[in-house]
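Structure first, commentary second.
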Amino acid sequence: MKDLRACFRRIDITPDRPVSLLGYFTERISEGILDPLHCRLAALYQGDASLLFVQVDTCLMGARDAKALAAAVSRSSGIPPERIMVFASHTHTAPALADLYAVKRDGAYFDFLVSKAAEAAATLQPESRVLARICRGRAPGLASNRRWFLKTGGVATNPPRLHPSLDRPEGPVDEEVNTVSFHDSDGDIVGLFVSASNHVDTIGGNRISADWPGIMESEMRAALGRGAVVIPFTGAAGNINHLDFTRTLDQTSYAEAKRIGAAYAAAALASLGNGVETGTGALSVVRRLLRVPAIEISAGELQRARQLVSGPAKEASGRDLTAEDIFHGDPAVECAFARTLIALAETRREEYEIPLQVFRVNGVVFFAIPGEPFVEVGLRLKSLAGFDLAVPVGLANGYFGYMPLRECFERGGYEVKPGPAVLCRGAADRVVAALQEMAAVEP
């Protein structure tokens, strides 16, 4: 078996001007910087084979932009675009790279990002022989299932904490913090992949930040040395966030991002001493365009949405409207959903081509999912036999909304509404089945 070689790059992509931030129902213009944003590249080489991971500190990007970014990086690096995985961290305090609700895509910032990433990709080369190790850890108490059964029936997303109608969480969480560490011939760590399943929205407000993944990286680099590049992988977390619904705590602040980022860093660092070498095998990739029908929109839903937006304007009163306002039936949020439903009904296709991708790095398999899969999707993929480690990668190679389980659509909540959800009720099952088939293909 030929040696595994690697090259890591980390570039600053913090905007130098006010930008519109993506993640909420209302537009927010940045008013300063809490910490920098980065794009991180990890190129792996084995003989003539190569793979390139491109991680971006942003909320999300559409499939067209992800493809354009991969193409630009490919031209600079010489690595074929089908062997490049582009994925977002999902921070809600970064420039908008998509149109969503009242927020519009910042095309100039995207061009800046592409230029910076392509420039860095031009310097990639198989610098050093590396040994890859798998390190498994846990970080209990940081993630919660944000969808709750109500005693009055149905499910609510992000309900008020300690509300008397709360019954129990709808589903599980994933407390694993799994790391793939890459060591040079001297035993020093030159790069790390760190996977955790949690939403990246702890700060709020109008100041730019990479949120807890950026804090996690900073803490780990301080402990390991600034030469190590830490690449965060946001797992399957479409129905997961950091809020503790059993206590009344203020959990929207920069201090909260620091607390969570430091805790994930501590869990990953503690696991490094227990790392085991990955199994043997060539670098490989399997790609597939999966055809998935669009979400159903009934004539009644469309009529109600049109009636709602045709009425008196519903103002947000200068507040940041989030999913927490859904529980209270905030009129401005309801109008935001109505406009999104109408736009989806007018522009949607009968079916979408979903770009799926499976990377193999020795005994580790990476599943690229272009959207926000529920945590159960990630747990199913992690349970697949035949691999030393399975890593679900959400928000990869594009964005096709939330991917709830089929049964969740009957219960309610934010993630199953047309708009937040773009694909049909069986989309999650179709994606898991396709990825399972792809992973079974022999390199």
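The values are calculated or read from the model by the stated rules, or taken from the named source; none is laboratory data. From a predicted model like this one, the values you see are computed outputs, not experimental measurements. Because the Cβ atoms are built from the backbone with ideal geometry, glycine has one as well, and the counts that use them run over all protein chains shown.
For region 289-298, what are the residues that are out of contact with any helix residue (DSSP H, G or I) (no Cβ under 6 Å at 6 or more places or on another chain) and either within 21 Å of A336 (Cβ to Cβ) or not hydrophobic (A, V, I, L, M, F, W, C) (or both)? Break it down into steps so the answer makes sense when it comes.
Step one: list which residues in region 289-298 are out of contact with any helix residue (DSSP H, G or I) (no Cβ under 6 Å at 6 or more places or on another chain), which gives 289, 291, 293-296, 298.
Within region 289-298, R291, P293, A294, I295, E296, S298 meet the criteria.
Take the conditions surrounded by fewer than 24 Cβ atoms within 10 Å (Cβ to Cβ), modelled with pLDDT of 95 or more and assigned to a strand (DSSP E or B) and apply them to D167. Does it pass? Before the answer, list the steps.
Working: surrounded by fewer than 24 Cβ atoms within 10 Å (Cβ to Cβ): yes; modelled with pLDDT of 95 or more: yes; assigned to a strand (DSSP E or B): yes.
Taking the combined requirement at face value, the residue satisfies it.
What number of residues in region 1-15 are under 18 Å from P95 (Cβ atoms), out of contact with any Cys (no Cβ under 6 Å at 6 or more places or on another chain) and not charged (D, E, K, R)?
Here the count works out to 2.
Residue check: is A66 more than 29 Å from E334 (Cβ to Cβ) and either surrounded by 20 or more Cβ atoms within 10 Å (Cβ to Cβ) or out of contact with any Leu (no Cβ under 9 Å at 6 or more places or on another chain) (or both)? Full working, then the answer.
Details: more than 29 Å from E334 (Cβ to Cβ): yes; either surrounded by 20 or more Cβ atoms within 10 Å (Cβ to Cβ) or out of contact with any Leu (no Cβ under 9 Å at 6 or more places or on another chain) (or both): yes.
It is true that A66 is more than 29 Å from E334 (Cβ to Cβ) and either surrounded by 20 or more Cβ atoms within 10 Å (Cβ to Cβ) or out of contact with any Leu (no Cβ under 9 Å at 6 or more places or on another chain) (or both).
Residues that are outside any strand (DSSP E or B), in contact (Cβ under 8 Å) with a residue 12 or more places away in the chain and under 30 Å from R306 (Cα atoms): does region 355-365 have at least one?
Scanning region 355-365, I find no residue that is outside any strand (DSSP E or B), in contact (Cβ under 8 Å) with a residue 12 or more places away in the chain and under 30 Å from R306 (Cα atoms), so the answer is no.
Using the structure shown, decide if A94 is of a type outside the set (K, R) and either within 20 Å of H199 (Cα to Cα) or surrounded by fewer than 19 Cβ atoms within 10 Å (Cβ to Cβ) (or both).
Working: of a type outside the set (K, R): yes; either within 20 Å of H199 (Cα to Cα) or surrounded by fewer than 19 Cβ atoms within 10 Å (Cβ to Cβ) (or both): yes.
The answer is yes for A94.
Quick one: L22 ticks every box in (1) under 20 Å from V180 (Cα atoms); (2) at pLDDT 95 or above bar one, so which box is it?
(1)
Using the structure shown, decide if Y45 is touching a residue at least 60 places away in the same chain (Cβ under 8 Å), farther than 24 Å from F400 by Cβ, out of contact with any His (no Cβ under 9 Å at 6 or more places or on another chain) and of a type in the set (S, T, Y).
On the way: touching a residue at least 60 places away in the same chain (Cβ under 8 Å): yes; farther than 24 Å from F400 by Cβ: yes; out of contact with any His (no Cβ under 9 Å at 6 or more places or on another chain): yes; of a type in the set (S, T, Y): yes.
Yes; evaluated as a whole, the condition is true for this residue.
Could you list, in sequence order, all residues of region 1-29 that are surrounded by 15 or more Cβ atoms within 10 Å (Cβ to Cβ) and either free of Cβ contacts under 8 Å to residues at least 24 places away in the same chain or hydrophobic (A, V, I, L, M, F, W, C) (or both)?
Answer for region 1-29, where residues must be surrounded by 15 or more Cβ atoms within 10 Å (Cβ to Cβ) and either free of Cβ contacts under 8 Å to residues at least 24 places away in the same chain or hydrophobic (A, V, I, L, M, F, W, C) (or both): L4, A6, C7, F8, I11, I13, V19, L21, L22, F25.
Within region 188-196, is there a residue that is within 20 Å of L37 (Cα to Cα), buried (at least 19 other Cβ atoms within 10 Å of the Cβ), touching a residue at least 12 places away in the same chain (Cβ under 8 Å) and in contact with a Leu (Cβ under 6 Å, 6 or more places away or on another chain)?
no
Enumerate the pairs (first residue in region 373-396 and farther than 20 Å from V416 by Cα; second residue anywhere and of a type in the set (K, R)) with beta-carbon separation below 8 Å, excluding pairs fewer than 6 apart on the same chain, so at least 6 apart or on different chains.
What qualifies is L389/R136; A390/K382; P392/K382.
Just checking, which of S181, S218, S195 is among the polar types (S, T, N, Q), closer than 26 Å to N145 by Cβ, at pLDDT 95 or above and not in a loop (DSSP other than H, G, I, E, B)? Please lay out each step first, then the result.
Values: S181 fails: closer than 26 Å to N145 by Cβ; S218 fails: closer than 26 Å to N145 by Cβ.
The unique qualifying residue is S195.
Taking region 366-384 only, how many residues are in contact with a helix residue (DSSP H, G or I) (Cβ under 6 Å, 6 or more places away or on another chain) and assigned to a strand (DSSP E or B)?
1
I'd like the full set of residues that are surrounded by fewer than 19 Cβ atoms within 10 Å (Cβ to Cβ), acidic (D, E) and over 27 Å from L124 (Cβ atoms), limited to region 220-277.
D244, D250
Based on this model, can you work out whether S115 counts as of a type in the set (S, T, N, Q) and surrounded by fewer than 23 Cβ atoms within 10 Å (Cβ to Cβ)?
Details: of a type in the set (S, T, N, Q): yes; surrounded by fewer than 23 Cβ atoms within 10 Å (Cβ to Cβ): yes.
When the stated conditions are applied, S115 passes them.
For V441, only one of the following conditions fails: (1) farther than 28 Å from A96 by Cα; (2) among the aliphatic types (A, V, I, L, M); (3) out of contact with any helix residue (DSSP H, G or I) (no Cβ under 8 Å at 6 or more places or on another chain); (4) at pLDDT 95 or above. What is its number?
The number of the failed condition is (4).
Which residues, counting only those in region 418-443, are among the basic types (K, R) and either in contact with a Ser or Thr (Cβ under 7 Å, 6 or more places away or on another chain) or part of a helix (DSSP H, G or I) (or both)? Walk me through how you get there before you give the answer.
Step one: of region 418-443, the residues among the basic types (K, R) are 425, 430.
The one that is among the basic types (K, R) and either in contact with a Ser or Thr (Cβ under 7 Å, 6 or more places away or on another chain) or part of a helix (DSSP H, G or I) (or both): R430.
Modelled with pLDDT of 95 or more and farther than 30 Å from I29 by Cβ: is that true of S209 in this structure?
Numbers: modelled with pLDDT of 95 or more: yes; farther than 30 Å from I29 by Cβ: no.
No: the conditions fail for S209.
Please count how many residues of region 245-288 are at pLDDT 95 or above and acidic (D, E).
Of the residues in region 245-288, 1 are at pLDDT 95 or above and acidic (D, E).
What's the number of the condition T252 fails, among (1) part of a helix (DSSP H, G or I); (2) over 30 Å from A440 (Cβ atoms)?
(1)
Only one of (1) in contact (Cβ under 8 Å) with a residue 60 or more places away in the chain; (2) closer than 23 Å to P36 by Cβ; (3) within 15 Å of the chain's Cα centre (by Cα); (4) assigned to a loop (DSSP other than H, G, I, E, B) is not met by I203, so which one is it?
Among (1) in contact (Cβ under 8 Å) with a residue 60 or more places away in the chain; (2) closer than 23 Å to P36 by Cβ; (3) within 15 Å of the chain's Cα centre (by Cα); (4) assigned to a loop (DSSP other than H, G, I, E, B), I203 violates only (3).
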